[in-house]
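Chemist: Here you go, one structure.
The values are calculated or read from the model by the stated rules, or taken from the named source; none is laboratory data. As the structure is a computational prediction, the values presented were derived from the model and not from experiment. With ideal geometry, Cβ positions are generated from the backbone for all residues, glycine too; neighbour counts draw on all protein chains shown. With ligands, DNA and RNA removed, areas are computed over all heavy atoms of the protein, side chains included. Shrake-Rupley method; radii C 1.70, N 1.55, O 1.52, S 1.80 Å.
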Amino acid sequence: GASLLDIRRHAERAYPDECCGALIGERAGEAGGAFTLSNTTDGERRRRFLVGPLEYREAEARAAATHRELVGFYHSHPDHPAVPSAFDLEHAWPNLSYLIVSVRDGCAAEARSWRLRADRSGFDGEQLCQ
């Protein structure tokens, strides 16, 4: 599976657009790999990433095919911090990790992982396994 380095490279290749992908692991909360997803957002591709129900099901199916689980998603924030936006909060799924990579001037910078609070009021940071 893809490593954090691969995710950072994907983010750099997509710049100045956002990239996105799925995180898969042996069990919930432990990402052990990743694969890319198409950014299906209409129009505002540079500042938006959206995983709709079809992408979610595809990611689950691809994880299951390798006897693993979908544990989260990653996306990049071109020229913005690796902090979830209001859009990210509005479209997040519960019980998943959200890895965000900041890309500044085409170079991947900080990467941080987040998890949606149970009451959907915001995100809490979580330890990022390198």
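Chemist: Using a cut-off of 12 Å between beta-carbons, work out the net charge of the residues near residue 64 (Lys and Arg +1, Asp and Glu -1, residue 64 not included).
Modeler: 0
Chemist: Add +1 for every Lys or Arg and -1 for every Asp or Glu among the other residues with Cβ under 11 Å from the Cβ of residue 81, and state the total.
Modeler: The answer is 0.
Chemist: Give me the net charge of residue 120's neighbourhood, meaning all other residues with Cβ under 13 Å from the Cβ of residue 120; Lys, Arg count +1, Asp, Glu -1.
Modeler: Net charge around residue 120: -2.
Chemist: Can you give the % of DSSP beta bridges in the stretch 69-128 that are antiparallel, to the nearest 5?
Modeler: 60 percent
Chemist: Quick check: with the 1.4 Å probe, what order do 93, 114 take by accessible area, largest first?
Modeler: 93, 114
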